[in-house]
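**Q** My structure is below; once you've seen it, I'll send some questions.
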Amino acid sequence: MNTPESKDNLRRVLAWLDKIGAVSPSRLAAETQMLPQETWGLLNQLSEMGLVIIRDDPDSADGALVIPAPMSMKSLEEKLAGKKDDMLKQTRGE
Amino acid sequence: MNAPDLRKRFRIGFGLWVIIIAAVTLFVAVPFPAGSVAQWIIDVQAQARAGAELLAPLLMVAGLGAAVGLAELSSTFSDYPREAIATQWGQYTLWLNAGAAVLAYLVARIYAPASTNSIILIIAVGTGFPTLIRTKYTIAKQFGGDGKDDLTVNIGWLYEQFQSLCKKQIDLELMAYRRMQVDRLLGRYSTVQELYQTAVYAIKARATLSDDEERRQLEDLLKTIDPKVSPELARTDLGLKILELGGVSLIELLVGARGGGAGPAAPTPPSGAAAPAAAPTADAVVKKLAELPVAELVAMSKSLLKAQEDLDFVEKSSQPTPGLSELRQKAPIAYYLVAHVGADAVTKELAKRQPTP
């Protein structure tokens, strides 16, 4: 389950990716000042949501490259709102 | 062997034709006054005028035939019209159209009454003959049929075969040319990251793409860099995508921006000559840092960084984490260090720490 803080972090990572485009996950961690394990966790989460692609890149210092999907920021908001709706439905027993 | 530079060939060929036609027209149309030049030049000019009068109808008909060929080439290969015209088989198409039109005119001239106006005959042959050799006549048409059982005479069959052969051969020549352009680009932009960024730029910079088209192109681009695709293939596909989006002009601009000429890579200095010491790029410095052992990288970072929050980041990032490789721990520290201290300062520090032989 995404806490408000982790949602903010997802938004922060994606906003940064939207701005810069394709980037090494390690550079993303350095730029956002997030710890490597936290950054990779968020990226894996975004990748599962289909909002970023993480692929091998021999030219990158950490051997990986993360690329945002088009309209990923809008999609993230939709997905986060969708999750909220699902949680409300679950609480109501719908 | 390199594929010929078709755009250059087109420019040179076009320029030469313009110069030749202008020079001949000027020579024939403006007679030299008697005594102003050598007599033999005046004689040649008179003969050239007589020859031009004789050949003018043929040249006009040939021009009309070639224009039809040009239109066919440029519409078939609308992404590379100049290059298609400059290919060997593109030239054959033009010459065949021009030559066939001249032959048709000669035949028409023999059988047409002597009183027929030359201009009308030129226009009739120049426009009618290309139409004729591309025509399929339907003599009897089945009621409501799909056309398969109609009685037809396909006069254009022969030209269709030639056109099909030309199309295939031109496409092969253009394929080699496209590959050459992609190689030039990959020689200067070698990483998936920068090629991807360039492709995104090319999509966003295209003024004629609608929002839907832009989105579709960006989605196609994501398929190109699918994690299952190898980096080598992704690079080539991205290169082709950039060429498709921006054309040869964008490739020339990009290669030019990196100081590139026609070759696939920057020239290397001759062996023995002292190469200018190029400043290492930030990415190269990061890679060097990431090769250091964790302890050494942390020690170096602590010696260069002063702010407490920077030191905290380095300290926390260096803690071993299950499921995260050492390289993926070190690389963020390396990026952080280069971003906060600068590539030059890090390079100097690395040089200090290198053991002297």
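The values are calculated or read from the model by the stated rules, or taken from the named source; none is laboratory data. In this text, all values refer to a predicted model and were calculated from it rather than measured experimentally. No Cβ is skipped: glycine too gets one built from the backbone with ideal geometry, and neighbour counts run over all protein chains shown.
**Q** Which one is farthest from the other protein chains (Cβ to nearest Cβ), of the residues in the stretch A:1-10 that are assigned to a helix (DSSP H, G or I) and surrounded by 15 or more Cβ atoms within 10 Å (Cβ to Cβ)?
**A** Within the stretch A:1-10, the subset assigned to a helix (DSSP H, G or I) is A:4-10.
Still in the running and surrounded by 15 or more Cβ atoms within 10 Å (Cβ to Cβ): A:7, A:9-10.
Values: A:Lys7: 22, A:Asn9: 15, A:Leu10: 18 Å.
Top of the filtered list is A:Lys7.
**Q** Can we say B:Leu337 is without any contact (Cβ under 8 Å) to a residue 60 or more places away in the chain, touching a helix residue (DSSP H, G or I) at 6+ places or on another chain (Cβ under 6 Å) and in a loop (DSSP other than H, G, I, E, B)?
**A** Values: without any contact (Cβ under 8 Å) to a residue 60 or more places away in the chain: yes; touching a helix residue (DSSP H, G or I) at 6+ places or on another chain (Cβ under 6 Å): yes; in a loop (DSSP other than H, G, I, E, B): no.
Answer is no for this residue.
**Q** Taking only pairs six or more apart or across chains, which ones have beta-carbon atoms under 7 Å, a first residue in the stretch B:115-133 that is closer than 20 Å to B:Trp157 by Cα, and a second residue that is basic (Lys, Arg) and not in a helix (DSSP H, G or I)?
**A** Cβ pairs passing all conditions: none.
**Q** Moving on to the next point. Given the criteria surrounded by 14 or more Cβ atoms within 10 Å (Cβ to Cβ), closer than 21 Å to B:Lys228 by Cβ and at pLDDT 80 or above, does A:Val13 qualify? Please lay out each step first, then the result.
**A** Numbers: surrounded by 14 or more Cβ atoms within 10 Å (Cβ to Cβ): yes; closer than 21 Å to B:Lys228 by Cβ: no; at pLDDT 80 or above: yes.
In short, no.
**Q** Quick check on this structure: which one of B:Val346, B:Val294 is surrounded by fewer than 21 Cβ atoms within 10 Å (Cβ to Cβ), more than 10 Å from every other protein chain (Cβ to nearest Cβ) and among the β-branched types (Val, Ile, Thr)?
**A** Numbers: B:Val346 fails: surrounded by fewer than 21 Cβ atoms within 10 Å (Cβ to Cβ).
Testing whether each residue is surrounded by fewer than 21 Cβ atoms within 10 Å (Cβ to Cβ), more than 10 Å from every other protein chain (Cβ to nearest Cβ) and among the β-branched types (Val, Ile, Thr) leaves just B:Val294.
**Q** Inside the stretch A:29-38, can you point out the residues that are in contact with a Ser or Thr (Cβ under 9 Å, 6 or more places away or on another chain), at the interface with another protein chain (Cβ under 8 Å from one of its Cβ atoms) and farther than 19 Å from B:Val294 by Cα?
**A** Hits for the stretch A:29-38: nothing passes.
**Q** Tally up the residues in the stretch A:40-54 that are within 7 Å of another protein chain (Cβ to nearest Cβ) and either of a type in the set (Asp, Glu) or crowded, with 22+ Cβ neighbours inside 10 Å (or both), please.
**A** 1
**Q** Right, next: So B:Leu289 passes all but one of these: (1) farther than 18 Å from A:Ala64 by Cα; (2) modelled with pLDDT of 85 or more; (3) in contact with a Lys or Arg (Cβ under 9 Å, 6 or more places away or on another chain). Which condition number does it fail?
**A** (1)
**Q** Sort out which residues of the stretch B:7-52 are surrounded by 11 or more Cβ atoms within 10 Å (Cβ to Cβ) and either aromatic (Phe, Trp, Tyr) or not in a helix (DSSP H, G or I) (or both), and write them in order of number.
**A** Matches in the stretch B:7-52: B:Phe10, B:Phe14, B:Phe27, B:Pro31, B:Phe32, B:Val37.
**Q** Applying the selection to the stretch A:20-51, what residues are over 14 Å from B:Tyr196 (Cα atoms), outside any helix (DSSP H, G or I) and among the hydrophobic types (A, V, I, L, M, F, W, C)?
**A** Keep residues of the stretch A:20-51 that are over 14 Å from B:Tyr196 (Cα atoms), which gives A:25-51.
Now restrict to residues that are outside any helix (DSSP H, G or I): A:33-35, A:49-51.
A:Met34, A:Leu35, A:Met49, A:Leu51, listed by residue number.
**Q** List every residue pair whose Cβ atoms lie under 7 Å apart, where the two residues are 6 or more positions apart in sequence or sit on different chains, the first residue falls within the stretch B:313-325 and is more than 8 Å from chain A (Cβ to nearest Cβ), and the second residue, located anywhere, is polar (S, T, N, Q).
**A** Listed pairs, sorted by first residue: B:Val314/B:Ser301; B:Ser318/B:Gln329.
**Q** Please work out which one of (1) more than 27 Å from B:Thr87 (Cβ to Cβ); (2) outside any helix (DSSP H, G or I) is the condition B:Pro4 fails and give its number.
**A** All conditions are met except number (1).
**Q** Next up: Give B:Leu222, B:Leu186, B:Leu245 a once-over and let me know the one that is away from chain A (no Cβ under 13 Å) and either touching a Pro at 6+ places or on another chain (Cβ under 8 Å) or surrounded by fewer than 21 Cβ atoms within 10 Å (Cβ to Cβ) (or both).
**A** Numbers: B:Leu222 fails: away from chain A (no Cβ under 13 Å); B:Leu186 fails: away from chain A (no Cβ under 13 Å).
The unique qualifying residue is B:Leu245.
**Q** Answer yes or no as to whether B:Gln163 is surrounded by 16 or more Cβ atoms within 10 Å (Cβ to Cβ), more than 19 Å from the chain's Cα centre (by Cα), polar (S, T, N, Q) and more than 10 Å from chain A (Cβ to nearest Cβ).
**A** Details: surrounded by 16 or more Cβ atoms within 10 Å (Cβ to Cβ): yes; more than 19 Å from the chain's Cα centre (by Cα): yes; polar (S, T, N, Q): yes; more than 10 Å from chain A (Cβ to nearest Cβ): yes.
When the stated conditions are applied, B:Gln163 passes them.
**Q** To continue, here is another question. Name the residue, out of B:Ala101, B:Ala140, that is aliphatic (A, V, I, L, M) and surrounded by 14 or more Cβ atoms within 10 Å (Cβ to Cβ).
**A** Details: B:Ala140 fails: surrounded by 14 or more Cβ atoms within 10 Å (Cβ to Cβ).
None of the others qualify; the one that does is B:Ala101.
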